[in-house]
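Structure, as structure tokens:
Taken together, the values in this text are just the output of simple stated rules run on the coordinates, not laboratory data. Predicted model only: the values in this text are computed from it and were never measured. Cβ: placed from backbone, ideal geometry, glycine included. Neighbour counts: every protein chain shown.
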Amino acid sequence: MRAVILTGGLGVRLRPLTEMMPKPLLPIGPTTVVEILIRRLAASGASEVFLAAGHRAQDFRDFVARTPDLGVPVRVSEESKPLGTCGPLTLLGDRLREPFILLNGDILTTLDFRLAYDYALGTGAELTAVTTIIETPFEFGRVVTDGRLITGVQEKPDIRFEILAGIYVLRPEAIARIPRDTYYGIDRLIKDLLAEGRPVGRFLCGDYWLDIGRMQHYREAQDAYRRLFADGVSASE
């Protein structure tokens, strides 16, 4: 089981922190986001991990060099221009000849990657997306009506969405669909597969999940590290 971690984003919403270092290398407790992901992948049985890097690829090479005991071989793949969330895979096609995991480098999760991977293999789909449920507060009271009458009011209900969790399992044939040297995102790949009538798998994640994209979420990640990751054991293990 190989994995590709996307680390080429600019991290605009976390500036000025990301002016000093890439978002996946921001500290979470005494470690970093990307190191947590790598070690959890290693614990799930990953045989090799690729960091798909962009404009700050050297920062990731330095990270790998100074962190030799990650539990799994880690290679850095560099794109010469932004290629989106799928484009970098075309640079690794010869190394990804079996189903592999693709994930964003700015998420914190207790997901069992091996469980999701094995489930995806059973779907037979070229692409299986891990999803999660988020709740968004609604600022207004929801009115229930029947013709001219109000029959109820629900005060500021939470809105629940099922979203892409930034974790995918892809079969090698999916890479052949991705144009080379072109910016191409995972959402585009999913839409193209659906437009062709091809199945797209879904694995609903019930474990802890956090996208560290905003300053508030980055602060939440510090607390999550202390609760769930500091001893190297997740809440689901």
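Structure data summary
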quantity	calculated
Alpha-carbon centroids, region 78-92 and region 27-59: separation in whole Å	17
Proximal lysines relative to Lys23, as straight alpha-carbon distance under 20 Å, when same-chain residues fewer than 8 apart are discounted	Lys81
(i) 1.02; (ii) 1.24; (iii) 0.99, with the label sought being that of the calculated Rg/Rh (Cα atoms, Kirkwood Rh)	(i)
Net charge over other residues, Cβ less than 12 angstrom from the Cβ of Arg142 (K, R count +1; D, E count -1)	-2
Between 0 and 90°, nearest 10: helix 113-123 axis offset from the chain longest Cα axis	80
Cα-centre dipole for the chain with unit charges at Cβ (Lys and Arg positive, Asp and Glu negative), debye to 20	340
Rel. contact order, % - alpha carbon contacts under 8 angstrom, at least six apart, the chain	24
Cα gyration tensor shape of region 170-216, rounded if a/c is under 1.5, else prolate or oblate by comparing a/b with b/c	oblate
For Thr85, distant residues with modelled amide H under 5 Å away	Tyr184, Gly185, Ile186
Length gained when the stretch Ala65-Thr123 is fully extended (0.36 nm per residue, less Cα-Cα span)	17.1 nm
Length-normalised contact order for region 121-216 - Cα pairs under 8 Å, 6+ apart - percent	39
Degrees between helix 57-66 axis and first principal axis of the chain (Cα, 0 to 90, nearest 10)	70
Of Leu96, Leu193, Leu127, the one that fluctuates the most in a GNM where the chain has Cα springs shorter than 10 Å	Leu193
Cα gyration tensor, region 99-237 - rounded (a/c under 1.5), prolate or oblate	oblate
Table column - 3J(HN,Hα) (Hz), region 216-228, Karplus curve with 6.51, -1.76, 1.60, x for Gly and Pro	4, 6, 5, 5, 4, 5, 5, 5, 4, 4, 5, 7, 10
Dipole of the chain, positive direction: furthest Cα of Leu111, Phe50, Gly152, with charges on the beta-carbon	Phe50
Least to most buried among Asp118, Asp158 (fewest other Cβ within 10 Å first)	Asp158, Asp118
Total charge dipole magnitude, region 19-115, about the Cα centre, Cβ charges on Lys, Arg, Asp, Glu only, Debye to nearest 20	80
In Hz, Karplus ³J(HN,Hα) per residue of region 43-54 (6.51, -1.76, 1.60; θ = phi - 60°; x = Gly, Pro)	5, 8, x, 4, 9, 6, 10, 10, 9, 7, 10, x
